[in-house]
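The structure appears below as structure tokens.
Readers should treat all values here as calculations from the given coordinates under stated rules, not as data from a laboratory. If you're wondering where the values come from, they're calculated on a predicted model, not measured in any experiment. No Cβ is skipped: glycine too gets one built from the backbone with ideal geometry, and neighbour counts run over all protein chains shown.
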Amino acid sequence: MTHSTPNTPAPDPMDHALDRMLDARFAVPSDELTPSSGFVASVMDSIHAEAIEPPPIAFPWGRVIPGAAAILCGLIALVVFVVRTAREVSAPPHLADLPTRVAQGLFAPSAQTTFAWMLLAAGLSVAAVFVSFRLTRHRE
């Protein structure tokens, strides 16, 4: 007779019989599990092909990081320049003084004109990048 402690339950005869039935039902003779020779050959061929495949090419982070840092610095400088120029553009230039200044050779573009040209150049740059992405999107 088995002695049970208060912490462990007594073995149930029904559980033991159920375990035996399930083991007997799912036990498969070993001769039914042999794969065909073609299957083994195809698996071995795929393993060999995968083993001789070269490793993937690593991404060149060493070349990308300096370029990305330079682009970031350029963008920061552009933002600072645009903000400074936008602050200077407060009043429109006096058109009455323009002919006199041109005649004297003292014509210098105003901050407003410089700002307009900057916006035009930035817009054209963004448009060129957008068009190039649209043209090359389906060529992968």
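Return the sequence-ordered ³J(HN,Hα) values of the stretch 116-121 in whole Hz as given by the Karplus equation 6.51 cos²θ - 1.76 cosθ + 1.60 applied to θ = phi - 60°, using x for Gly and Pro.
Those phi angles translate into 5, 5, 5, 5, 5, 5 Hz.
Of the listed peptides 55-67, 39-51, what is their order by residue-averaged count of other C-beta atoms within 10 Å, with the highest listed first?
39-51, 55-67
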